Amino acid sequence: MTLTADPVPTRLLRSSARQSYDPEVDIDWDAPPVDGLWFMQPERLSLYGTPLWDRLTDEQRRELSRHEVASIAGVGLWFELILMQMMVRELYDADPRTARTQYALTEIGDECRHSVMFGRAIERLGVPAYGPVRHVHRLGRGFKTLASGVSGYASILVAEEILDRWQRELMKDERVQPLIRMVSRIHVLEEARHMSFAREQIQDLVPTLSRRSLGWHRTITANTAFFVARSLVNPQVYAAVGLDPREARRQALGNPHYQRTLAWMGERVVGFLDEQGLIGRGQRSTWRRSLLMP
Ligand SMILES: [Fe+2]
Ligand SMILES: [Fe+2]
């Protein structure tokens, strides 16, 4: 076997060469937004169906969708910065001749373009760069410096899978702005490879763990899932349509529609991680509180 014969990374490298996007040229950044369209699927908005939602005008609801989609994109961008750093750190000791290393570098390149794309989309939306709330931003600083191995890849997979579910629906929705749909389409296409890679890393690494380190990786993964899911909608988005962020946040977290949305976003990744033995009994309550597990 040659150094580059690892089948999954080899296949992913070929696929990256065949199909990758350059958002700089593949997106029409100058096209003005289309009047009357949503910025994301209204039924997936955190307040959909709540008493507060009923009080908003149609225009306010669409405006909320503009801020909420930007918040989710901002959290995606934040997590991409975390995972790029984690992967770069890991590659410091890797053999550059292998397909695995070469694919990991290719993935970092994809993420780098995605972050530019999300940044530019948020700028075009004309809204603040929300990102996660301050204490989660601070926790992320520690995580990106220390995370590695199974929980590193499992955390990457959680963020990628939940956004993937949501974006696959978003990109097909004709009620949504073309810019947002195109950004989603590009992301979905390239992330499919990243998720295959993360799944393979997890499958390879889990059997090598001792009981004790398995427990550690389960705990880290559950906590990352909790913070990522809870961060998707920064409460400040509610203030943009004149709502009290605290009350709106309270109604969003108690909203059965939104609870179902998060469980739907988490369904696939929760199933996979559970199958891999990465969700122990001790972590179920954290997973449930993340709302990604019903
Ligand atoms: Fe990405
Ligand atoms: Fe990714």
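The values are calculated or read from the model by the stated rules, or taken from the named source; none is laboratory data. Since the model is a prediction, treat every value here as computed from it, not as a measurement. Every residue, glycine among them, receives a Cβ derived from its backbone with ideal geometry; neighbour counts consider all protein chains shown. Areas reflect the complete protein model, heavy atoms only, side chains present, ligands, DNA and RNA absent. Shrake-Rupley method; radii C 1.70, N 1.55, O 1.52, S 1.80 Å.
The table for this structure:
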item: Dipole-positive endmost among Thr261, Asn223, Leu157 within the stretch 136-266 (Cβ charges, Cα centre); result: Asn223
item: Net lengthening on full extension, Ser196/Arg55 (0.36 nm per residue, minus Cα-Cα); result: 46.4 nm
item: The stretch 128-198: C-alpha gyration tensor shape, a/c 1.5 cut-off, then a/b vs b/c; result: oblate
item: Rounded, prolate or oblate (a/c below 1.5 giving rounded, otherwise prolate when a/b exceeds b/c) for the chain by Cα gyration tensor; result: oblate
item: Extreme residue, positive dipole direction of the stretch 5-59, given options Ser15, Ser46, Ala5 (C-beta unit charges); result: Ala5
item: P(r) tail fraction, the stretch 205-294 - alpha-carbon pairs more than 15 Å apart, %; result: 62
item: Max mean-square fluctuation residue, GNM over the chain, Cα-Cα springs under 10 Å, options Leu273, Leu214, Leu146; result: Leu146
item: Point-charge dipole on Cβ atoms (K/R +1, D/E -1) for the stretch 209-294, about Cα centre, debye to 20; result: 340
item: Positive-end residue of Thr145, Ala31, Ile122, charge dipole of the stretch 1-145 with Cβ unit charges; result: Thr145
item: Accessible carbon and sulfur surface of the chain relative to its total accessible area, %, 1.4 Å; result: 53
item: Loop chymotrypsin sites (Phe, Trp or Tyr not before Pro), the stretch 82-123 (other Cβ atoms within 10 Å of the site Cβ: 12 or fewer; DSSP); result: Tyr92
item: Per-selection Rg to Rh, the stretch 11-170 - Cα, Kirkwood hydrodynamic radius; result: 1.02
item: Dipole magnitude of the stretch 1-108, debye to nearest 20 (Cβ charges: Lys/Arg +1, Asp/Glu -1, about Cα centre); result: 480
item: Structure-based [θ]222 nm, the chain - -39500 (n - 2.57) summed over DSSP H runs of at least 4, per residue, nearest 500; result: -23000 deg cm²/dmol
item: The chain: relative contact order as a whole-number percent, Cα under 8 Å and 6+ apart; result: 28
item: Rounded accessible area of Ile180 (nearest 10 Å², 1.4 Å probe); result: 10
item: Helix axis angle, 256-275 relative to the chain longest principal axis, alpha carbon, degrees; result: 0
item: Probe 1.4 Å, accessible area per residue of the chain, Å²; result: 47
item: Vicinal HN-Hα couplings computed from phi for the stretch 71-86 (Karplus, 6.51 cos²θ - 1.76 cosθ + 1.60; Hz; Gly/Pro x); result: 5, 5, 4, x, 6, x, 4, 4, 6, 4, 5, 5, 6, 4, 5, 4
item: Integer Hz, Karplus 6.51/-1.76/1.60 couplings in order for the stretch 17-33, x for Gly and Pro; result: 5, 6, 9, 9, 10, 10, x, 4, 9, 8, 10, 7, 6, 8, 5, x, x
item: Semi-axis lengths, Å, the stretch 240-291, gyration tensor of Cα atoms, sqrt of 5 times eigenvalues; result: 29, 12, 8
item: Anisotropy class of the stretch 30-121 from Cα gyration tensor, a/c 1.5 cut; result: prolate
item: Where only C-alpha atoms are counted, convex hull volume of the stretch 40-85 per residue in Å³; result: 65
item: Net dipole in debye of the chain [+1 Lys, Arg Cβ; -1 Asp, Glu Cβ; about Cα centre; nearest 20]; result: 1160
item: Qualifying trypsin sites (Lys or Arg not before Pro) in the stretch 64-154, DSSP loop, other Cβ atoms within 10 Å at most 11; result: Arg97
item: Value of D in µm² per second that Stokes-Einstein yields for the stretch 139-294, Kirkwood Rh from Cα pairs, at 4 °C (1.567 mPa s); result: 78
item: Estimated FRET transfer efficiency when R0 is 22 angstrom, pair Leu81-Arg211 (beta carbons, to 0.05); result: 0.10
